[in-house]
Amino acid sequence: MTLSTTSTPVNYGAVPDETGRFGPYGGKYVPETLMPALEELEEAYLNARIDQEFMAELAHLQHTYVGRPTPLTYARRLSEELGGAQIYLKREDLAHSGAHKINNALGQALLMKRKMGKTRIVAETGAGQHGVATATAAALLGIECIVYMGTVDMERQKPNVFRMQLLGTEVRAVDSGSQTLKDAINEAIRDWVTNVETTHYLLGSALGPHPYPAMVRDFQSVIGIEAHSQMQDPAEGGPGRLPDAIVACVGGGSNAIGIFHPFLEEESVRLIGVEAGGHGIEDGAHAARFADPERGRLGVLQGTKSFVLQDSDGQIALTHSISAGLDYASVGPEHAWLRDVGRSEYTYCTDTQTLKGFSALCELEGIIPALESAHAIGYVLELAPQMAKDQVILVNLSGRGDKDLGTVMQTIGGDR
Amino acid sequence: MRGVERIEQVFRELKTTGAAAFMPYHAMGYPTRQKSLEIVAALAGAGADIIEFGIPHSDPLADGPMIQTATYSALVGGTTVADCLQMARELRDQGVNTPFCAMSYYNPILAFGEERFANAAASSGIDGLIVPDLPPGESELLEPACRAAGLATVYMLAPTSTEDRIKSVARHATGFIYLVSVTGITGARDELPPGLPAFVERVRRHTDLPLAVGFGISTGPQAESVSEIVEGVIVGSALVKAAGSDAGADAVRTLAKELAAGSHKKMDE
């Protein structure tokens, strides 16, 4: 589907509407107990957005604590090796705590501290990157923090569990269901329902009930705003022009929406999201919501309406990905909408192709990427050779790979 | 008679006695299909006035550990939405006449088709519907479908609900309003929250609908004290726990009788 056939221009600034909808997606599908908390959060957020003092404090922390702006790196050897488009990396892996997750965690934690009368944060984590970012922000701002994490994920992301504990956060193991991200979110929501008077739920992706998808997008848009200016400025390492394509991995989709959003009006820039292809679509063990015509359908999971992997009876499907951060059955509602209106496109990268991307970036650029981000690189290995040498791809390198060394050693260790 | 009228009739008849309705929940398909049918029949026989007919979902985010375990086990056992409706039909054929209020989450209903679900539920003997993750603002398709099929559209209110939310629920709800006794998830608790009477009073100012209180009620004395301030007493986790015990339907019957006696205390006086 492309936009070129439609005559009416799409107003990207008009979503979500006041009910939290992105076209047919989004909304607030939560127990009544939480509705007032969502209203309070929305009010606090709308207020903070226009509060210059708040925005200045956030910008100051992003600069002096997170290390923003993160650099733009030209991937010379990778580009030469692939022989096609020139590849640039937006280095979110260099943000403090190792991933783009800190942008949102710090934004929400500061929002809670300055604008809401709450004292405690709960969060979920899959790969552990959001958990570490939240634990980091909580330590910085002196807030009690509990992170829920599936026991399967705790096993495959052990270093991040210890990191959170070192930062003073309590990590609670979640044994229910598939023991991964989805179940951690259920437990975080249950805690939030129970302690809503004192507790803010610091949701880590552009998911969940309104206003989370819009708020998380806005906190993450700093990635795209910086990249937009860096790409056009050779002094900042850019090629002096906008990219022809932007590639980002999509689990819930926060790093992708963060880099896509400031480019929505730039119609010449293709926006490509890469989902987790796992063992392949036919195999069924994957997390590619848009790519599976049988099980990826309109549904509601954990507060928002979007594309959801489910069985014919509306029960949520078990997903698989080599990366815990993409191992989730639903996708941010704005991605579903952008896909519908033809602005962004989605593909997937299997575990095997992801590991090729992982190795390529290690060996050719000296950068160990997170397995999530390696999905974007894995797809670029296919995309770049199809493009001309004077074309440009911008990849959101959303996180660093230290946390994944155990998984990678288990998978390809024998070959070394 | 339409489903919503059958539910209204229960409250109308109890009102003359001053007793509250005893409204137990069961997770269909737990511990097995056959046993869940026996348990619902036992609940009806033990004095249930309305039965909450639980249709399992894989991600029950308003439920505590007991109901999570039961509904997960039901799903593993192969329970589907269609089969839950078939079980309702079988219970009606056996002569179980207690009104059924189906309770599920939104996604299984969305997947089934909202209008199709409302019609199939009504023709299977379901009288009303409760969907914890579907507040009034999000039910613009399901609510009219339920109205057309004659089902009561039951919504929940919580101690955190604002005056505006209470008014909104009061406008949309039919049959009764489900008051969540505490901020939290389902599951037995030792004590009833002290703020409950004030919460009930706040809701009364905006509606004449019967009010039923659920979450945390597990004993006869608790049921009795709740029956003194509202028209319905909802019990889930404690009965589901009994259903999963070795004594099964017998344990459910014993506890249900105690809870019914508590709820109906005024009737006996």
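The values are calculated or read from the model by the stated rules, or taken from the named source; none is laboratory data. Since the structure is predicted, the reported quantities are computational estimates derived from the model, not experimental observations. Glycine gets a Cβ as well: all are built from the backbone with ideal geometry, and neighbour counts include every protein chain shown. Side chains are part of the model used for accessible areas, which takes the heavy atoms of the whole protein and leaves out ligands, DNA and RNA. Shrake-Rupley method; radii C 1.70, N 1.55, O 1.52, S 1.80 Å.
Sorting A:Arg114, A:Arg156, A:Arg241 by accessible area puts them as A:Arg114, A:Arg241, A:Arg156; the probe is 1.4 Å, largest comes first, and only protein heavy atoms count. The listed peptides B:200-210, A:250-260, ordered by packing as a protection proxy, come out as A:250-260, B:200-210 (highest mean of other Cβ atoms within 10 Å first).
Shielding of peptide B:131-137 by partners, expressed as the average count of other chain Cβ atoms within 10 Å per residue Cβ, is 6. Per residue of chain A, the DSSP helices (runs of n ≥ 4 H) give a summed -39500 (n - 2.57) that works out to -11500 deg cm²/dmol at 222 nm.
Note on A:Glu43 and B:Asp246: the model spin-label points, each 7 Å out from Cα along the C-beta direction, lie 5.5 nm apart. The calculated FRET efficiency for B:Arg204 paired with A:Thr64, based on their beta-carbon distance and R0 = 51 Å, is about 0.40.
Please say if the protein assembly as shown is rounded, prolate or oblate, where rounded means a/c under 1.5 for a ≥ b ≥ c the square roots of the C-alpha gyration tensor eigenvalues, and otherwise the choice is prolate for a/b larger than b/c and oblate otherwise? The shape class here is prolate.
Its DSSP H runs of at least 4 residues, each contributing -39,500 (n - 2.57), put the calculated 222 nm mean residue ellipticity of chain B at -14500 deg cm²/dmol, to the nearest 500. In this structure, B:Val76 and B:Gln34 have a Cβ-Cβ separation that, at R0 = 25 Å, corresponds to a calculated FRET efficiency of about 0.95. In the stretch B:142-162, burial by the other protein chains removes 40 Å² or more of accessible area from B:Thr160, compared with the chain on its own (1.4 Å probe, ligands and nucleic acids ignored).
One Cα centroid belongs to the stretch B:53-84, the other to the stretch A:280-348; the line between them spans 22 Å. With both labels modelled 7 Å from their Cα along Cα-to-Cβ, the A:Glu282 to A:Gln165 distance reads 4.4 nm. Take each residue of peptide A:305-312, count the partner chain Cβ atoms within 10 Å of its Cβ, and average: the result is 3. Taking a ≥ b ≥ c as the square roots of the eigenvalues of the Cα gyration tensor, an a/c ratio below 1.5 marks the stretch B:3-264 as rounded. Cα-Cα over 26 Å: which of A:Lys305/A:Lys403; A:Lys115/A:Lys158; A:Lys101/A:Lys356; A:Lys101/A:Lys158; A:Lys113/A:Lys158? Over 26 Å apart, Cα to Cα: A:Lys305/A:Lys403; A:Lys115/A:Lys158; A:Lys113/A:Lys158. On full extension, the segment bounded by A:Glu363 and A:Glu197 gains 54.7 nm, given 0.36 nm per residue less the C-alpha separation.
Among the residues of A:21-34, the average count of other protein chain beta-carbon atoms within 10 Å of the residue beta-carbon is 6. Per residue, the convex hull spanned by the Cα atoms of the stretch A:101-210 measures out at 87 cubic angstrom. Counting protein heavy atoms only, the protein assembly as shown has 51 percent of its accessible area on carbon and sulfur, 1.4 angstrom probe. Which of the three applies to the stretch B:192-244, rounded, prolate or oblate, going by the alpha-carbon gyration tensor with a ≥ b ≥ c and a/c under 1.5 meaning rounded? Verdict is prolate for the stretch B:192-244. Most tightly packed first, judged by the mean number of other beta-carbon atoms within 10 Å of their residues, the peptides A:54-66, A:84-96, B:235-247 read A:84-96, B:235-247, A:54-66. Using C-alpha pairs below 8 Å separated by at least 6 residues, the relative contact order for chain B is 25 percent. Between A:Arg76 and A:Thr119, what FRET efficiency follows from the Cβ-Cβ distance if R0 is 45 Å, with the result rounded to 0.05? So, using R0 = 45 Å, E works out to roughly 0.40.
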